[in-house]
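Since every read-out is calculated from the coordinates, none of them should be taken as a lab result. Quick caveat, the model's predicted, so the values are computed rather than measured. Cβ coordinates were reconstructed from backbone atoms using ideal geometry, including for glycine residues, and neighbour counts include every protein chain displayed.
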Amino acid sequence: MSDDLKARLLGTAGELGFCAAGTASIAAPPRGDYFLRWLAEGRNASMEWLARNNDRRLAPENFLPGARSVVVLGFNYHQPPPVLPYRVARYALGADYHNFLLKRLKKLCARMREWGGEQRPCVDTAPVMEKPLAERAGLGWQGKNTLVTNRRHGPWLLLGAIFTTLEIPPDAPETNRCGACRRCAGACPTGALDGAYHMDARRCLAYLTVEHDGAIPPEFRAAMGDRLFGCDTCAEACPFGSGQWPVASGQCGDELRPRLEAFPQRLRDSFAWTDADYAARFAGSPLKRLGLRRWLRNCCVVLGNTGGDECAANLAALEALRERAAAAGDELLAEHAAWAVSKLANTDGKNEKKDETGKAAEFDQTAK
Ligand code: B12
């Protein structure tokens with residue numbers, strides 16, 4: 001592919017709302033050995049699917065036979081947090097990015113088909129290590145929080161990739177600009193980051209509140225603070241890319257605008273929802289996959305940490321939830337509700353003091 005055609009390709013990506021795009025030749029992702037060690041140490045927590053299909057993950061040429069290049073796209077999702085009495089990760093406030101970004105990638109594939117070749121897109125929908133590919137394609141560098149960090153947009157990029165049999169001139173990789181900065185690791189409420197580019201998913205609130213099926217480990221509950229779904233803290237701490245609000249300015253379309261009608265102002269109101277209510281409310285949203293039970297589990301922890309403002313009403317609702325869950329044999333939910341009841345009873349109606357970063361008390365290392 002000529003430089004001129006490549007410029008047209010990247011121009012089309014821009015028209016489709018991608019604020020960053022680059023290309024790389026097909027080659028094994030860097031630090032594949034690190035990935036295998038990470039798995040062997042169990043840092044993937046219960047995400048066993050990360051250990052499957054490594055014949056493709058670590059050898060992207062097997063993902064699309066004859067692939068010669070990969071186009072990597074970045075979509076900025078930074079936006080001011082909405083006014084809610086709890087936090088939801090910004091990527092999850094609106095529509096599910098897997099769906100709407102894949103649609104956009106397919107449009108780009110259609111364009112590329114006019115130039116020949118075969119294309120295969122993915123947005124976190126395949127055994128592909130998107131971050132190392134993005135780094136190689138020059139979108140940014142993998143920062144100490146492990147996120148691909150773009151000079152202009154910081155870590156606030158969602159990634160997608162198109163594998164292609166076309167040979168496209170590659171971009172130069174970006175230089176790592178983390179330097180001595182360790183703000184992300186310092187801000188992580190649960191010590192999931194060590195400040196040396198490594199993350200332990202077993203301690204990450206983005207994992208515990210979204211992917212994890214069982215109990216929120218007691219030692220991390222206080223540190224969860226008001227984070228109901230996902231965690232943006234290590235991205236917020238990054239000095240790159242703060243203060244840019246493309247979603248709010250309409251630059252990236254409407255998909256990620258907060259669906260405020262779905263999120264209840266009072267979490268205890270959701271205790272009356274049925275599974276069908278939950279599914280209807282969060283249809284097309286990343287929260288749909290969480291399901292009502294894990295939503296309620298997370299609500300208990302958040303209310304235990306923050307529910308002092310309406311202490312009596314929250315206590316009564318949590319106690320009723322505990323009884324209902326116990327009667328139904330749902331030990332997990334009954335235990336989380338009991339934890340919240342006892343936490344609120346002990347806070348005397350006062351919310352926990354937070355520091356200026358919104359970080360609740362340090363994780364409780366003594367809790368069993
Ligand atoms: C599994 C997964 C998770 C897991 C594990 C996170 C992780 N860091 O791996 C959990 C559930 C915790 C998670 C959380 C989040 N995720 Co996630 N996740 C993924 C997924 C599916 C795979 C990532 C993976 O392969 N991890 C394996 C580990 C080993 O990789 P790694 O941590 O990056 O390890 C690298 C570094 O440690 C580095 N390294 C090691 N040693 C050294 C030394 C030096 C000197 C250097 C420079 C680097 C370095 O190299 C390793 C290999 O690349 C990708 C999508 C995809 N298919 O790629 C999305 C993805 C990474 N997630 C994404 C997002 C947005 C998030 C959240 C921000 C969501 C939220 N707000 O709640 C958080 C961020 C938490 C964090 N700091 O990572 C985006 C990130 C975009 C970006 N700009 O980087 C992705 C790419 C999805 C997408 N399509 O946009 N996620």
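How far is the Cα center of the range 189-220 from the Cα center of the range 88-128, in Å? A separation of 27 Å, based on Cα centres. Taking only the Cα atoms of the chain, the radius of gyration and Dmax are 21.7, 69 Å. Pairs of Cα atoms nearer than 8 Å and 6+ residues apart set the relative contact order; for the chain it is 19 percent. Looking at the chain as a GNM with Cα springs under 10 Å, which of Phe163, Phe263, Phe229 has the largest mean-square fluctuation? Answer for the Gaussian network model of the chain: Phe263.
For the options Ala27, Ala180, Ala223, a Gaussian network treatment of the chain with springs between C-alpha atoms closer than 10 Å singles out Ala180 as fluctuating the most. In this rough spin-label picture, where each label sits 7 Å from Cα along the Cβ direction, the Ser342-Ala45 distance is 2.3 nm. What does the C-alpha gyration tensor say about the overall shape of the range 1-155? Classify as rounded when a/c is under 1.5, otherwise prolate if a/b is larger than b/c, or oblate. Here the range 1-155 falls in the oblate category. Local charge for Asp200 was computed over the other residues whose Cβ lies under 14 Å away, with Lys and Arg +1 and Asp and Glu -1, and equals +1. Taking N as the residue count of the range 264-350, its C-alpha radius of gyration divided by 2.2 N^0.38 Å amounts to 1.06.
Annotation for Glu331 and Arg113: the two label points, set 7 Å from Cα along the Cα-Cβ direction, are 5.3 nm apart.
Among DSSP bridges having both ends in the chain, what percentage is antiparallel? Round to the nearest 5.
Working: 22 of 24 bridges.
Of those bridges, close to 90 percent are antiparallel.
Which residue fluctuates most in the GNM of the chain (Cα springs below 10 Å): Thr209, Thr306, Thr175? Ranking Thr209, Thr306, Thr175 by mean-square fluctuation puts Thr175 first. By how many degrees, 0 to 90 and rounded to 10, does the Cα axis of helix 3-15 deviate from the longest principal axis of the chain? So the helix axis and the longest Cα principal axis differ by about 30 degrees.
Rg to Rh for the range 186-340: what is it, with Cα atoms only and Rh by Kirkwood? Spell out each step's value before the answer.
Values: Rg = 16.8 Å, Rh = 17.0 Å.
Result for the range 186-340 is an Rg/Rh of 0.99.
Between the listed residues Pro60, Ala215, Val148, the Cα displaced farthest toward the positive end of the dipole of the chain, a dipole computed from Cβ unit charges relative to the Cα centre, is found at Pro60.
Which angle between 0 and 90 degrees, to the nearest 10, do you get for helix 291-306 versus the longest principal axis of the chain when only C-alpha atoms count? Between the helix axis and the principal axis of the chain, the angle is about 60 degrees. Amide H contacts of Gln142: Thr149, each under 5 Å away and 5 or more positions distant or on a separate chain (H built 1.01 Å from N in the peptide plane; Pro and chain starts excluded). As a proxy for reagent exposure, Arg297, Arg266, Arg289 were ordered by neighbouring Cβ count within 10 angstrom, fewest first; the result is Arg289, Arg266, Arg297.
Fewest to most neighbouring Cβ within 10 Å: what's the order for Val210, Val72?
Details: Val210 19, Val72 29.
By the 10 Å Cβ count, ascending, the order reads Val210, Val72.
By other beta-carbon atoms within 10 Å, ranking Trp49, Trp115, Trp156, Trp295 with the fewest at the front produces Trp49, Trp115, Trp295, Trp156. Normalised by the number of residues in the range 264-350, the average gap of Cα pairs under 8 Å and 6 or more apart makes the relative contact order 31 percent.
Add -39500 (n - 2.57) for each DSSP H run of 4 or more in the chain, then divide by its residues: what number comes out at 222 nm, to the nearest 500 deg cm²/dmol? All intermediate terms of the calculation are to be shown ahead of the outcome.
Details: 12 runs with 123 residues, N = 368.
Result for the chain, helices only: -10000 deg cm²/dmol.
Label positions at Ala7 and Arg177, each projected 7 Å from the Cα along the C-beta direction, are separated by 2.5 nm.
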